[in-house]
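Remarks on the structure that follows.
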Amino acid sequence: MNERKYPEDQLRAVLESGYNFCNQPGFIPDDPISIPHRFTRKADIELAGFLTSTLAWGRRRTIIDSASRLLASMGNEPAGFLLDASPRDFKPFLGFVHRTFNGDDCIFFLTALQRIFREHGSLEPLFTTINTRGATHAIIQFRTSFLQTDHLPRSEKHLANPQTGSACKRINMFLRWMVRRDSRGVDFGLWKTIDPSALVCPLDLHSGRTARNLGLLSRRQNDWKAALELTDALRRFDPADPVRFDFALLGMGIGMDGMTG
């Protein structure tokens with residue numbers, strides 16, 4: 001592995017440049033975040049964001065197409081559809097497929113989301129312990145709650161688990177979308193009860209490679225420990241909002257091939 005080490009001021013300049021290049025409205029159309037940006041109601045943005053992030057591995061264009069197809073099947077009104085849907089309304093989703101995410105997985109996710117939104121009105125309350133107990137605990141708590149809905153064992157692989165070493169890239173990306181607050185117009189900042197400083201940077205093959213090339217990550221596996229190590233390294237440059245530099249890693253890591261995860 002070739003690891004390039006940069007002086008701190010040069011590395012900061014590289015990260016800030018990448019952040020400024022990607023964190024602007026022109027980034028949105030070709031990224032999966034474009035899907036929740038189609039909506040204006042908070043519940044619709046949240047549901048569209050969670051479902052899109054769940055499908056976020058493979059080519060970005062394919063992710064966008066699959067998420068568009070899924071939301072179109074909900075009449076492009078995900079909150080209204082889920083809150084009113086009967087079990088029979090979910091049956092058409094048996095035909096939905098995105099890579100290894102199949103119709104049974106889809107119906108389980110929709111049913112779990114329906115239960116959570118009917119009980120809490122949002123996914124946000126399931127993550128608020130991130131402020132006091134950290135991201136590991138919050139993601140495990142969310143996963144445990146989500147899995148209370150009846151499901152096939154195969155569906156559990158689509159809910160990342162830091163306890164088994166997963167980098168939890170997709171859930172961390174969703175949290176970035178919902179929590180980060182700035183005036184750039186990309187992330188939504190809908191969840192006001194969660195501190196951006198508590199987030200963990202999304203990590204996948206591409207961002208991991210970039211982080212190692214920049215000297216931000218020494219761990220060789222792209223796992224939960226590596227995600228925490230990367231986030232700690234980014235806190236040197238912005239302790240209040242370390243995951244904003246995900247934009248820099250995105251720009252350098254996926255710009256060549258349009259892949260994510």
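Brief remarks on what is shown
- Among (i) 13.0; (ii) 16.1; (iii) 18.0, the entry that matches mean projected area of the Cα convex hull in nm² as calculated here: (i)
- The chain: calculated mean residue ellipticity at 222 nm from DSSP helix runs of at least 4, using -39500 (n - 2.57): -15000 deg cm²/dmol
- By the rule of a C-alpha distance below 19 Å, with chain neighbours fewer than 8 residues away ignored, the aspartates and glutamates paired with LYS91 are GLU77, ASP104, ASP105, ASP150.
- The largest-to-smallest principal axis extents of the Cα set in segment 62-160 are 40, 28, 26 Å.
- Proxy reagent accessibility, fewest Cβ within 10 Å first, across ARG88, ARG118, ARG170: ARG88, ARG118, ARG170
- For segment 77-130, the set of chymotrypsin sites (Phe, Trp or Tyr not before Pro) satisfying both a DSSP loop assignment and a count of at most 13 other C-beta atoms within 10 Å is empty.
- Straight-line cross-link partners of LYS225 among the lysines, defined as a Cα under 18 Å from its Cα and at least 8 positions apart when in the same chain: LYS169.
- Listed by chain and number, the lysines whose C-alpha is less than 18 Å from the C-alpha of LYS192, apart from same-chain residues fewer than 8 away, are LYS42.
Since every read-out is calculated from the coordinates, none of them should be taken as a lab result. Fair warning: this is a prediction, and the values are worked out from it, not measured in the lab. No Cβ is skipped: glycine too gets one built from the backbone with ideal geometry, and neighbour counts run over all protein chains shown.
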